[in-house]
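Below you'll find the structure, written out as structure tokens, and then a few comments.
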Amino acid sequence: RARGMWPHTWEDVARVMAPRRLGFVSTVQAGERRTDELFDGTAMQAARMLANAVGWMLRPEGEPWVFIKTADDADGRGDEARDWLADAENRLRAALEDPRARLRQACGEVDFDTVTLGTGELFVGEVVGAGQLVFQSVYLGDGVPFFGETGVVEGMFRSRRLTLRQAAKRWGADKLSDPSRRKLSDNKLDDVAEFLFCVVPRDEGRIGATLARNLPVADIVIEVEAQHEVAVGGYHEFPYVVPRWDTSAGDDYGHSPGMIALPDASTAQAIGETMLIAGQRAADPPLLTPSDAFISAPNTFPGGLANYEAEAVRELGQNPIRFLESAGNFPLGREMQLDTREQIWNAFYRNVIKLPVAGPEMTATEIIARREEFIREIGPVFGRLETDYTAPMV
């Protein structure tokens, strides 16, 4: 499905805020340095701050954030119903907080994608035979979701590159294409192949079906280069969660604070580069020397010598070496830089997120008023994330 210009927008945002997410349009190598052209890290710091705040507010560390109740009031049903709900709640919390599930790590990546790129993708599954949950963050460049008429995500096309060793272990060598099986026979176990995972609604699927190929959500794996169907399975429920920070009518993908901050973040890079050059010029200014007085070019390193002709210096009547005075306006440049940085921080809600912090000079009434202001400002955002993110994940 065509994504239009979204990959270009994501690439622009990632370049100044999330360099590790580059690759939507450009070609990058694993482990490649991606910050050589950056001169100001304010946008990256602001995005990290908001992502951490989002994660803490949605999933408080050390506090219960998952609650189970029935659609109707169960209090009148006696202790047995309440005990069952409490037990189910505790079991689910334990499964979510199991370090092997990697909930915190995966959700942290999704939080960061959501505040910078506007859209995150999370896979929620179960390790077969191990009795534990597993959470995986999906790179937005590899996962293409599609949405139904109601705006709810219904399917996902996900590209993954696996070694033939991994593919054979997962599906069995006999399930792979003929070219891949020949490579396995030649012991080329670390050769990489691209696989397309198609998770889509199955029209003929049945809830509670015994066979995976009859479940309501189809899971079809295709070896891309060979156009070979590797496996057909299914899920009881759609296993992907796709939170979006903010949506507009007609857009499948979300808009983010990172997109709002993008103009200022790009400006900050230009200002940072200019200020760096100006600072270097001021700390180590260029030298002015006469062209016919020096025997050789002056050595400007510490302890270096500059040999010149004494007669030429006597005729010149002064020291032949002078510094080039720069007329740069550092205070103005610094003021522009600080103003741009403040705009970036505001785009990432720093001025809002810090509102509830109480200080010794604040009265109780002021604290309550500022907390109410905080809820009014940030509440709608977390309401959307609760609907598109936390609720479907749980």
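The values are calculated or read from the model by the stated rules, or taken from the named source; none is laboratory data. Bear in mind the structure is a predicted one, so any value in this text is a computation, not a measurement. With ideal geometry, Cβ positions are generated from the backbone for all residues, glycine too; neighbour counts draw on all protein chains shown. Just so you know, the surface numbers come from the protein's heavy atoms only, side chains and all, with ligands and any DNA or RNA stripped out. Shrake-Rupley method; radii C 1.70, N 1.55, O 1.52, S 1.80 Å.
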Per residue, how much accessible area does the chain show when a 1.4 Å probe rolls over the protein heavy atoms, in square angstrom?
59
Aspartates and glutamates whose Cα lies under 13 Å from that of K183, excluding same-chain neighbours fewer than 8 positions away:
D174, D191
For segment 10-83: rounded, prolate or oblate by the Cα gyration tensor [a/c cutoff 1.5]
prolate
Cα-based shape type of segment 80-238, given that a ≥ b ≥ c are square roots of the gyration tensor eigenvalues and the cut on a/c is 1.5
prolate
How about segment 197-250: which GluC sites (Glu not before Pro) there are in a DSSP loop, with at most 13 other Cβ atoms within 10 Å of their Cβ?
E204, E225, E237
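State the volume of the convex hull built on the alpha-carbon positions of the chain, expressed per residue in Å³ and rounded to an integer.
For the chain, the hull spanned by Cα atoms encloses 271 Å³ per residue.
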Based on alpha-carbon positions alone, could you give the equivalent ellipsoid semi-axes of segment 214-324 from the gyration tensor, as √(5λ), descending, whole Å?
71, 22, 10
Of all accessible surface on segment 88-138 at a 1.4 Å probe, what whole percent is carbon and sulfur?
53
Note the angle between two axes, namely the Cα long axis of helix 6-17 and the longest principal axis of the Cα atoms of the chain, as a number of degrees from 0 to 90, rounded to the nearest 10.
50
For N351 and T365, compute 0.36 nm times the residue count separating them, minus their Cα-Cα distance, and round to one decimal in nm.
3.1 nm
Any idea how far apart Q166 and S185 come out in nm if each label point goes 7 Å out from Cα toward Cβ?
2.6
